[in-house]
1. Per residue of chain B, what 222 nm ellipticity follows from adding -39500 (n - 2.57) for every DSSP H run with n ≥ 4, rounded to the nearest 500?
2. Which ordering of B:85, B:193 is given by a fewest-first count of other beta-carbon atoms within 10 Å?
3. Based on the alpha-carbon gyration tensor of chain A and its eigenvalue square roots a ≥ b ≥ c, which shape applies: rounded if a/c is under 1.5, prolate if not and a/b is larger than b/c, or oblate?
4. For a quick check, take a GNM of chain A with Cα springs below 10 Å and name the residue from A:13, A:129, A:106 with the largest mean-square fluctuation.
5. With contacts defined as alpha carbon pairs under 8 Å and 6 or more residues apart, what's the relative contact order of the range B:89-156 in percent?
6. To the nearest 10 degrees, how steep is helix B:111-124 against the longest Cα principal axis of chain B, on a 0 to 90 scale?
7. To test your reading of the geometry: what angle, between 0 and 90 degrees and rounded to tens, separates the Cα axis of helix A:51-85 from the longest principal axis of chain A?
8. Hey, what angle do you get for helix A:2-29 against the long axis of chain A, alpha-carbon based, 0 to 90 degrees rounded to 10?
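Every number in this text was worked out from the coordinates using simple rules, so none of it is lab data. Note that this is a predicted model, so its numbers are computed, not measured. Because the Cβ atoms are built from the backbone with ideal geometry, glycine has one as well, and the counts that use them run over all protein chains shown.
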């Protein structure tokens, strides 16, 4: 097990290090100027030098992402539960959720920026893209419960509430957590897209706005530095939600149980 | 129908039951059944003959299209009917204790009451050491024991079992058969056991009802009046003879053309 564990950590780290090394070599050998392609060293230096500006922007983006994710989770769970209670409601409301999901958020953002104050519009964009996977997975999870278990609850006179709370919600946990993991990444994407849209309208202070701004000024190293921060934020969000999933399913679900060989 | 050797009061009567599903399948037609308090009854028949449907009607999980389900001594309250499915049907996120405690929790029993009853029931089915285990950590036979414990935890008047041992290996099945007979003796619960195994039905029950192919009805009965059900009985000439009669009864029942009703 230890050998496979080392492989699981060491291999990605080694591959990443090799890629950075290759990037550095390409820049050095071709003597590329930083305004075309900065090397990894230059990007790191910019990250440190511009940290006051970038950290503030990172904080803004992260807080919008977190708010959007929380609202998407609450909204997706609530609507998923409502939909699972009645076919009538499901058939009436689900099309709206689908329309909202399939319409590209970049296209909705300008409208939202007209109707809503800018921070609200950014939050709304992030929420729209993060909401659907939570809803879809909650609905799927709640509807995939072993029907014999549902019968068993009925046999013992369980109320609708008991079936939902003691049977369907725990049974849907794996799907809901998978939806959350997708929603985390999408919330970040939604926030960035909206910020870019808002940025072109001349307002905003998140990481995406800093990227757009640095682009106008041809400050390529800062664009890269901000990009690195965005990627890192996305990876951290994904890892955090994976850890949450692992923690909640550790005792029982096949997806987390390691079979001993 | 042959005479009952068990003279207990009638617990349940099914009269002229017809059950048709939405897709046009008629699972039961002209199905009659009388169940005596305290007896061990087997419903024997091939797959798809409506055995499981009959069990679901008794449990109240489905309603008959026509006919009556009568409870002469009053309809059962929740918890007075236990059900064991073909699969263990356990909640994988809950440990053995929580799975077995489910019927009591749903009935709103107090914590201390639940704990003592669950502990006692687990001991009874031989799972005393596995109270904190999760279903995935258990073998197929042990999962089925948990399922049986869950069905027994409310001390039901009636225990319905739908081919519970069908997926188990023969050694495990024999052991669970013996334990089931012992539990039935101890608890005095009425049991309806659905199976497609002649040998199992003869070994376990006081009365075997053979069913016709779909749409199912009771074709005939075999009474099994033996003092003991143990390894000696399983290897006895009597057992072999009863199995032969059971097989013949089942063959005759299956020879009834589908849809042919008197």
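1. Computed mean residue ellipticity for chain B: -11000 deg cm²/dmol.
2. Listing B:85, B:193 from fewest to most nearby Cβ atoms yields B:85, B:193.
3. Since a/c reaches 1.5 but b/c is at least a/b, the shape of chain A is classed as oblate.
4. Per the Cα network of chain A with a 10 Å cutoff, A:13 tops the list.
5. Relative CO of the range B:89-156 lands at 49 percent.
6. 60
7. The answer is roughly 20 degrees.
8. Rounded to the nearest ten degrees, it is 30.
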